[in-house]
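The values are calculated or read from the model by the stated rules, or taken from the named source; none is laboratory data. Predicted, not measured: the structure shown is a model, and the values here were computed from it. Don't worry about glycine lacking a Cβ; one is built from the backbone with ideal geometry, like all the others, and counts go over all protein chains shown. The protein model used for the area step is the full one, side chains on, heavy atoms only, and it has no ligands, DNA or RNA in it. Shrake-Rupley method; radii C 1.70, N 1.55, O 1.52, S 1.80 Å.
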Amino acid sequence: LVRPVHRNLAMLMVVFRIISTCGFGASQVLYFAALPTLLGAQTVAMLQPADMETLAYVLLRAAGFGGSLFSMFYGAANIVLGWLIYRSGYLPRVFGVAIIVMGIAFAVRTFLLVLAPAYASPLLLATAAVAFIPFILWLLVKGVNEEAWRRAIRAD
């Protein structure tokens, strides 16, 4: 949809989204490893049940942190997507601005999570609902300006 605006930036956005998805998927492996760790507490004779519970807790915490850490790439992808939407001419610019703000919020939350965890509010992630829900509804109801989109493809 946004490739006609700038082919290389559209590809960069895709790469950032792939990195984000792969990193989040890897962190989910840790999340799902917590339950087998607890279920295997009786079979591991070296560790006490309390140690296995601690290990499961550490796995859950690491999964949460890993998922949040890779939201930096998701934020960067949304900043690029927002800029492409803003420059497109066939989608409303307000959506581009909203998605840029959302991307910045995701990036800021990731920085805060690492540098000042007490200030890493999950409310920063609520910008996704404010930006994406109206954008999705716009695409479903109104769609893109097809004439402008076709002109952009011909110019590409």
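Just need a number here: residues in the stretch 101-124 that are assigned to a helix (DSSP H, G or I) and open to solvent by less than 40 Å² (accessible area, probe 1.4 Å).
8
Restricting the stretch 81-92 to residues that are in contact with a His (Cβ under 9 Å, 6 or more places away or on another chain) and open to solvent by 10 Å² or more (accessible area, probe 1.4 Å), which is nearest to residue 150 (Cα to Cα)?
87
Go over the candidates 66, 82, 89 one by one and state the one that is at positive phi and in contact with a helix residue (DSSP H, G or I) (Cβ under 7 Å, 6 or more places away or on another chain).
None of the other options fit; the residue is 89.
State all residues of the stretch 2-28 that are out of contact with any helix residue (DSSP H, G or I) (no Cβ under 8 Å at 6 or more places or on another chain) and open to solvent by 80 Å² or more (accessible area, probe 1.4 Å); if no residue qualifies, say none.
The answer is 7, 8, 11, 18, 21, 22.
Quick one: in the stretch 41-74, of everything that is more than 30 Å from residue 104 (Cβ to Cβ) and not in a helix (DSSP H, G or I), which residue is modelled with the highest pLDDT?
The residue in question is 48.
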